[in-house]
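The structure appears below as C-alpha cells.
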Amino acid sequence: MATGGLFWWVGAGVLVVLELFSGTFYMLMIALGFVAAGLAHWSGLGLDSQLAIAALVAAAAVFVLRRSRFGRKKVRKDALRNPDVNLDIGETLSVSGWQDRRARTRYRGALWDVELAPGEPEDARLYEITALRGSCLIVAAKKQPVQA
C-alpha cells in the first residue's frame, strides 16, 4: 500500500461504476467500506486496520441496506389482479342476470364476458372488477358503504 492508498480509492470508483450496471445498491455499500479504508490510510493507520475498517463498514452498510425498504425483495403481484397493469381492476359495473355464474354485460361501450368470482353472490346490484383473464372480467359483489 505504498501508493498512498490509491487502491482503496480506485476500488471504490470501480465498485460505483459496477453498481451503475447492477442497480442493487450492494456494491455501493462495499464501496463505502473502501472509502472508509481510504480515509483510514490517509489518517496513518496500518494495513490490518484498513482491512478491518473496510470489512466492518461494508458489513454494517449492507446490514442497514437489508433492513431498509431498498434491500427488501419486492413482492410481485399477479398481473391478472394488479391494478397497475390493468386499469379496469377496481371499476364498477352492473350485471342484469347470471347464467351458470357467467354473463355478458356492457362495459366501456362494448359487450364483455363476465365471470363471478368464487363465493360471490349473484344477487348484488353492482359488481367490482377484481381480475382480468383475457377478455373476461372476473367480478365480486361491490361492498356498499355503511350509512351512519
Is it true that residue 18 is modelled with pLDDT under 95 and over 27 Å from residue 67 (Cα atoms)?
no
Mind checking which residues of the range 114-141 are under 15 Å from residue 99 (Cα atoms) and not in a strand (DSSP E or B)?
117, 118, 120, 121, 122, 123, 124
Considering 58, 36, 40, which residue is farther than 30 Å from residue 134 by Cβ, in contact with a Leu (Cβ under 7 Å, 6 or more places away or on another chain) and either in contact (Cβ under 8 Å) with a residue 24 or more places away in the chain or outside any loop (DSSP other than H, G, I, E, B) (or both)?
58
Considering residues that are under 31 Å from the mean Cα position of the chain (by Cα) and not hydrophobic (A, V, I, L, M, F, W, C), the number found within the range 9-59 is 8
Cβ-Cβ under 7 Å, sequence separation 6+ or interchain: first residue in the range 118-141 and outside the structural domain of residue 99 (by TED's automatic domain parsing), partner part of a loop (DSSP other than H, G, I, E, B) and surrounded by fewer than 13 Cβ atoms within 10 Å (Cβ to Cβ). Which pairs?
none
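The values are calculated or read from the model by the stated rules, or taken from the named source; none is laboratory data. In this text the structure is predicted, and so the values were computed from the model without any measurement. Note: ideal-geometry Cβ built from the backbone for every residue, glycine included; neighbour counts use all protein chains shown.
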